[in-house]
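Student: This structure is in structure tokens; I'll ask about it shortly.
The values are calculated or read from the model by the stated rules, or taken from the named source; none is laboratory data. None of the values given here were measured: they were computed from a predicted structure. Counting neighbours? That spans all protein chains shown, and the Cβs are built from the backbone with ideal geometry, glycine included.
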Amino acid sequence: MTIPVARRLVAAGTAIAAGGCTLAVANRLSVRQLGVLGPPVIEPVTVCIPARDEAGRLPGLIADLRRQHGIARLRVLIMDDGSRDGTHAAAVAAAGDDERFTVIAGESEPRPGWTGKSAACARLAEIAGADAGSSPAGVLIFLDADVRIGAGAIAAAVGELRRTGAGLVSPWPRQRAGSTAEALVQPLLCWSWASTLPVRAAGRSLRPSTAVSCGQFLVFDAAAYRAAGGHAAVAAQITEDLALARVLRRAGHRTVLVAAGRIANTRMYRGATELDTGYTRWLWSAYGSPAGSAAVGAAAALAYWAPPAAALLGRGRTRRIGLLGYACAVAGRLAARSLESGGVLERADLLAALAHPVAVAAYLRLSFRSHRLHRAGALTWKGRPVATHTH
């Protein structure tokens, strides 16, 4: 490859990295941070928790929910989704004699054409609707069992829903890491949208393509959720959180993403093996087709491999352009991490940002592996086969 051609490739990669960095910084400055305090909530609020094999993590969330303040009419529905580890007993013990909590035994397997999580969430919403009677008013919240929240988190999230007038508010928790693999890969979730989308502007739009949501913490206007079809409308979707946001937008309801790192956090996966299984189950669906994934992968490689390679191996102007591109990549990742965490950055965050090219390589490996296992029909999650279609 001649020097002019190599320099043009490095310059193109640097331009992409710089654009991503600019967006990440803009989002860090503009995306709303959910505060620790919210106004008192007097309308009914139902929290729904689907839980499969979560005996070790669910009691922590239940304890957090029992400590919530500012919610006058709180109800918590927990569904043991065919667990094999004593989740039901752990939930009952953690809830104790708190009458606001109901623990439900779900079906051992989801209905045909449904993913396990969507089936559990739909059933929880049905029960919540039956409890509400003829009035669809109120707020419906879905929380993953591995999320931890501060004592005012539910009131703050409901307050944000009503302040914005949206049909869905998605508070984005801080993604915690306990291993090197997690520290490299988990921040890519926030970085992926923070570096590619002007989030505040997207929140004012009804375009489905600009929706962002996080299924770990979803806050719905109950009437909007039911009018749009709820989880039944996304029964087979492997990324049901994003699909739900798009369904609501098509129904005329805005969806809004807010940063919630100050009041909510989660450790989604524990270790490299669980992370590998977790990402490979859904990355095949991320960009619509293998060609879409290949195009995104090629752009990521150009932006986040070519500049650091030039910084290490290039000379003169090519090296300087590469150094700029690498610096933009590191700065953009740190801006996104700061957005996610509510402004708190740790030493591990800096080290992971410096290793951003390695993180991109890990992502590309996970994406390739996901497509390969999807084609083979070999994807599983928590002992269940993963659906092999997106629509």
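Student: List pairs: first residue in the range 76-97 and in contact (Cβ under 8 Å) with a residue 24 or more places away in the chain and on the phi > 0 side of the Ramachandran plot, second residue in a helix (DSSP H, G or I) and crowded, with 21+ Cβ neighbours inside 10 Å anywhere in the structure, Cβ distance under 8 angstrom, at least six positions apart or on different chains.
Tutor: From residues that are in contact (Cβ under 8 Å) with a residue 24 or more places away in the chain and on the phi > 0 side of the Ramachandran plot, the pairs are Gly82/Gly116.
Student: Ok, one more. Which one of these does Thr277 not meet: (1) farther than 26 Å from Cys21 by Cα; (2) part of a loop (DSSP other than H, G, I, E, B)?
Tutor: (2)
Student: Would you be able to say whether some residue in the range 262-270 is surrounded by fewer than 20 Cβ atoms within 10 Å (Cβ to Cβ), in a helix (DSSP H, G or I) and either under 14 Å from the mean Cα position of the chain (by Cα) or not acidic (Asp, Glu) (or both)?
Tutor: No: the range 262-270 contains no residue that is surrounded by fewer than 20 Cβ atoms within 10 Å (Cβ to Cβ), in a helix (DSSP H, G or I) and either under 14 Å from the mean Cα position of the chain (by Cα) or not acidic (Asp, Glu) (or both).
Every residue, every condition in (1) under 30 Å from Ala223 (Cβ atoms); (2) among the hydroxyl-bearing types (Ser, Thr, Tyr); (3) surrounded by fewer than 17 Cβ atoms within 10 Å (Cβ to Cβ), yes or no:
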{"position": "Arg8", "(1), (2), (3)": "no, no, yes"}
{"position": "Ala15", "(1), (2), (3)": "no, no, no"}
{"position": "Cys21", "(1), (2), (3)": "no, no, no"}
{"position": "Val36", "(1), (2), (3)": "yes, no, yes"}
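Student: Cβ-Cβ below 6 Å, separation at least six or inter-chain, first residue in the range 261-283 and more than 14 Å from Arg148 (Cβ to Cβ), second outside any helix (DSSP H, G or I): which pairs?
Tutor: Between residues of the range 261-283 that are more than 14 Å from Arg148 (Cβ to Cβ) and residues that are outside any helix (DSSP H, G or I), the close pairs are Gly271/Ser179; Leu275/Tyr269; Gly278/Tyr269; Arg281/Leu379; Arg281/Trp381; Arg281/Val386; Trp282/Ile238; Trp282/Thr239.
Student: Can you say whether Leu334 is surrounded by 17 or more Cβ atoms within 10 Å (Cβ to Cβ), over 30 Å from Ser108 (Cα atoms) and modelled with pLDDT of 95 or more, as far as the supplied structure shows? Break it down into steps so the answer makes sense when it comes.
Tutor: Details: surrounded by 17 or more Cβ atoms within 10 Å (Cβ to Cβ): yes; over 30 Å from Ser108 (Cα atoms): yes; modelled with pLDDT of 95 or more: yes.
When the stated conditions are applied, Leu334 passes them.
Student: Looking at the range 70-83, which of the residues that are under 25 Å from the mean Cα position of the chain (by Cα) and assigned to a loop (DSSP other than H, G, I, E, B) is surrounded by the most Cβ atoms within 10 Å (Cβ to Cβ)?
Tutor: Looking at residues that are under 25 Å from the mean Cα position of the chain (by Cα) and assigned to a loop (DSSP other than H, G, I, E, B), I get Asp81.
Student: Further, regarding this structure: Would you say Thr46 is β-branched (Val, Ile, Thr) and over 29 Å from Ala223 (Cβ atoms)? Full working, then the answer.
Tutor: Details: β-branched (Val, Ile, Thr): yes; over 29 Å from Ala223 (Cβ atoms): no.
Answer is no for this residue.
Student: Quick one: Arg67 ticks every box in (1) surrounded by fewer than 21 Cβ atoms within 10 Å (Cβ to Cβ); (2) out of contact with any strand residue (DSSP E or B) (no Cβ under 8 Å at 6 or more places or on another chain); (3) closer than 23 Å to Gly383 by Cβ bar one, so which box is it?
Tutor: (3)
Student: Go through the range 308-340 and report how many residues are in contact with a helix residue (DSSP H, G or I) (Cβ under 8 Å, 6 or more places away or on another chain) and under 24 Å from Val31 (Cβ atoms).
Tutor: Qualifying residue count, the range 308-340: 13.
Student: A further question on this structure: Which of the helices (runs of 4 or more DSSP H) found entirely inside the range 86-194 contain at least 3 residues meeting this: among the β-branched types (Val, Ile, Thr)? Spell out the reasoning first.
Tutor: On the way: elements: 87-95, 116-132, 153-164, 180-185, 187-194.
The helices (runs of 4 or more DSSP H) meeting that bar are 153-164.
Conditions tested, residue by residue: (1) farther than 22 Å from Ala177 by Cα; (2) small (Gly, Ala, Ser); (3) at pLDDT 95 or above.
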| position | (1), (2), (3) |
| --- | --- |
| Glu274 | no, no, no |
| Thr277 | no, no, no |
| Tyr287 | yes, no, no |
| Ala306 | yes, yes, yes |
| Arg315 | yes, no, no |
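Student: Could you count how many residues in the range 297-335 are touching a residue at least 24 places away in the same chain (Cβ under 8 Å) and under 30 Å from Gly377 (Cβ atoms)?
Tutor: Total satisfying the criteria: 4.
Student: Among the listed residues Arg369, Arg317, identify the single one that is under 23 Å from Asp276 (Cβ atoms), of a type outside the set (A, V, I, L, M) and surrounded by fewer than 20 Cβ atoms within 10 Å (Cβ to Cβ).
Tutor: Numbers: Arg317 fails: under 23 Å from Asp276 (Cβ atoms).
Just a single option satisfies the conditions, and that option is Arg369.
Student: Conditions: (1) hydrophobic (A, V, I, L, M, F, W, C); (2) more than 19 Å from Ala122 (Cα to Cα); (3) surrounded by 14 or more Cβ atoms within 10 Å (Cβ to Cβ). Val47 meets all but one. Number of the miss?
Tutor: (2)
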